[in-house]
Amino acid sequence: MQVTFLGTGSAMPTGDRMQTGLLVDADGDAGPLLVDCGSGALHSLAATETGYEGVDTVLLSHHHLDHVADLLPLMKARWLAGAESLRVVGPPGTGELVEGLLDVHDYMQDRLDLRLREVTPDEAPFDLAGFSVDAMETVHSMYCHAYRFRAADGEASDEAPTFTFSGDSEAIDRLARFADGSAVLAHDCSFPDEVDVDNHPTPATLGETLAGHDYGTVYLTHLYPHTVGKEEEMLASLREAYNGEVRFAEDGLTVDVA
């Protein structure tokens, strides 16, 4: 399995990072799967070998603008490229979100065969684009999911490499447990410690929460402008409690989940 970070920024642009988007792909029948589609993620997707023509499934963590802003542009780009369908999956309210976008931009009505699906943690794991996916609710200002992915070759096993994406969330114990054992964990770390914030973690709170758990590599993402120039300071703070491998995600970075 491979994960490409299409956007590692937030609702406040930095000039260097697009808003949230990830491309999850695997050998065989799994993927490619687009996870979230914030502003600029479509541009980054177009720069990959997969391109927007190669993605027919989008999984949304939640409906904040910096995670869905390029969803309708993706629909239009696929339609203009000759695609006939798109599957959009996400938490409750996803169908209403898509229908509302099409009400505003009604010329896009019926351009694609849209297959809408809403998922909840109660039905996890669910099969999607060749992956076995578990969901859990995070702690955020809007209902939001974290997701754990295994490539499903027949039946996914507990030994299969796992990728977990936190969505937007405070640093919470049940999310740390949900991701335990993941080869790669991409976790929200929006602000440095000196910013007093809820709904997102800072390095100190994240390090304390991840301590004692086993992850291959943790990638910090959803980065606000407040983090620019603070990277080493943030890593040092996180590592005071958590001694595993931690790196900053960057737009365009592809990592192997193994």
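The label-point distance for Trp79 and Thr217, in a model that sets each label 7 Å from Cα toward Cβ, rounds to 3.9 nm.
In order along the stretch 163-174, the phi-based Karplus estimate (6.51 cos²θ - 1.76 cosθ + 1.60, θ = phi - 60°) of 3J(HN,Hα) comes to 10, 10, 10, 6, x, 9, 6, 5, 6, 10, 4, 5 Hz; Gly and Pro are listed as x.
Counted by neighbouring Cβ atoms within 10 Å, the residues Glu232, Glu118 run from fewest to most as Glu232, Glu118. Structural descriptor for the stretch 161-258: relative contact order 31 percent, calculated from alpha carbon pairs under 8 angstrom and at least 6 residues apart.
About the centre of its Cα atoms, the chain shows a dipole size close to 380 debye [charges on the beta carbon of Lys, Arg (+1) and Asp, Glu (-1) only; nearest 20 debye]. Short-range pairs are left out: with C-alpha atoms under 8 Å and at least six residues apart, the relative contact order of the chain is 18 percent. When both bridge partners sit in the stretch 76-153, DSSP labels roughly 60% of those beta bridges antiparallel.
Look at where the Cα atoms of the stretch 7-77 and of the stretch 93-132 average out, and the two centres are 15 Å apart.
Secondary structure note: in the chain, about 50% of the DSSP beta bridges are antiparallel. In this simple spin-label model, placing a label point 7 Å from the Cα along the Cα-to-Cβ direction at both Tyr107 and Ala258 gives a separation of 4.7 nm. Note on Asp122/Met142: beta-carbon distance plugged into 1/(1 + (r/R0)^6) with R0 of 30 Å gives a FRET efficiency of 0.95. Rounded, prolate or oblate: which fits the chain when a ≥ b ≥ c are the square roots of the eigenvalues of the alpha-carbon gyration tensor, with rounded for a/c under 1.5 and prolate only if a/b beats b/c? It is prolate, given that a/c is not under 1.5 and a/b is the larger ratio. Proximity of backbone amide H atoms, modeled 1.01 Å from N, is registered between Thr217 and Val184, Leu185 at under 5 Å, excluding neighbours fewer than 5 places apart on the same chain. In a fully extended conformation the segment linking Arg177 and Glu194 would gain 3.5 nm over its present Cα-Cα distance, using 0.36 nm per residue. If you sort the three axes of the alpha carbon gyration tensor as a ≥ b ≥ c, you get a/c under 1.5 for the stretch 14-107, which makes it rounded. Dipole orientation for the chain: of the candidates Met75, Thr221, Thr57, Met75 has the Cα lying most toward the positive pole (charges on Cβ; Lys, Arg +1; Asp, Glu -1). Over the residues of the chain, the helix contribution to mean residue ellipticity at 222 nm works out to -5500 deg cm²/dmol, using -39500 (n - 2.57) for each DSSP H run of at least 4.
Only the coordinates and a few stated rules stand behind these numbers; no lab work does. All of these numbers come straight from a predicted model, not from anything done at the bench. All Cβ positions, glycine included, derive from the backbone under ideal geometry; neighbour counts span all protein chains shown.
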